[in-house]
Amino acid sequence: MQSSRINPEDAIILFADLQQGIADLPLTISPLRLGKGVRGLAKLAKLFDIPVIVTAVAGDEGKAKILPEIAEELGDLPTYFRTTADSFRNEAILQAVAATGRKTILISGVATELAVQLPALTGVDLGYRTFVVVDACGGTSQRTEQAALTRITGHGGSTVSVIALAGELAGDFGQPQAQAAIGVIFEMAVAGE
């Protein structure tokens, strides 16, 4: 039986469409809260050596301005431009994920109904353990986002929050790495948005 726990040594993070113009669309999460979730997830990636893949839709001049929280925590990362609604239907993205050799995918993105849901479903179909990081995602409406999450969990995917992930990965609180992970929990829980 497969463990319900997320092993950072088997995980990869997919940041999907967290770019200017798209990341501004969600109605289910404020921009401040989305930024906090993305930053928290990026900090956990750095802390636990979890590889990150950034995908986007090419905008003007074939470029995309990715949310700054990712680069502020992880430095500049290559952006894989998708040409289909599902990132995993783009060969370069699928190859980048497969090249990590990891089988657990943590997905953060906008919109949950499209850029998150479709690769989550395809990931499950391809044999990956797939988790949607709900506080690092945004949908266009409560109703359609809930429909997407229900479809994902109904087909073998799961959900997790940055806070739960940080606590799960932390391990022994006496260790410096665990203390840094607990710091992410406090940053996520700070009053305000």
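Apply the a/c threshold of 1.5 to the C-alpha gyration tensor of the range 128-193 and tell me whether it is rounded, prolate or oblate.
Verdict is oblate for the range 128-193.
Enumerate the aspartates and glutamates that Lys63 could reach by cross-link, defined here as Cα to Cα under 18 Å, with residues fewer than 8 away along the same chain left out.
Asp17, Asp24, Asp76
Please go through the range 37-104 and write out the trypsin sites (Lys or Arg not before Pro) that DSSP classes as loop and that have at most 15 other C-beta atoms within 10 Å.
Lys63, Lys65
Give me, ordered by chain and number, the residues 5 or more places off Asp135 or on other chains with an amide H under 5 Å from its own placed amide H.
Sorted by chain and number, the residues that satisfy this are Val162.
Taking only the alpha-carbon atoms of the chain, what semi-axes of the equivalent ellipsoid follow from 5 times the gyration tensor eigenvalues under a square root, in whole Å, largest first?
They are 23, 19, 17 Å, listed largest first.
Restricting to DSSP H runs of at least four residues, report the calculated mean residue ellipticity at 222 nm for the chain, -39500 (n - 2.57) per run over all residues, nearest 500 deg cm²/dmol.
On the way: 7 runs with 78 residues, N = 193.
Here the helix-only value at 222 nm equals -12500 deg cm²/dmol.
Once the Cα gyration tensor of the range 22-74 is found, what semi-axes does its equivalent ellipsoid get, as square roots of 5 times the eigenvalues, in whole Å, sorted largest first?
20, 16, 8
From the P(r) of the range 1-115, can you give the percent of Cα pairs sitting at distances over 24 Å?
Roughly 23 percent, rounded to a whole number.
Using the crude model of +1 on Lys and Arg Cβ and -1 on Asp and Glu Cβ, and no other charge, please compute the dipole size for the chain relative to its Cα centre, in debye to 20.
Its charge dipole is roughly 300 debye.
If you rank Glu72, Glu168, Glu91, Glu145 by fewest surrounding Cβ atoms within 10 Å, what's the result?
Glu91, Glu72, Glu168, Glu145
Where a number appears in this text, it was derived from the coordinates with a stated rule and is not lab data. The structure displayed is predicted, hence computed values, not measured ones. Every residue, glycine among them, receives a Cβ derived from its backbone with ideal geometry; neighbour counts consider all protein chains shown.
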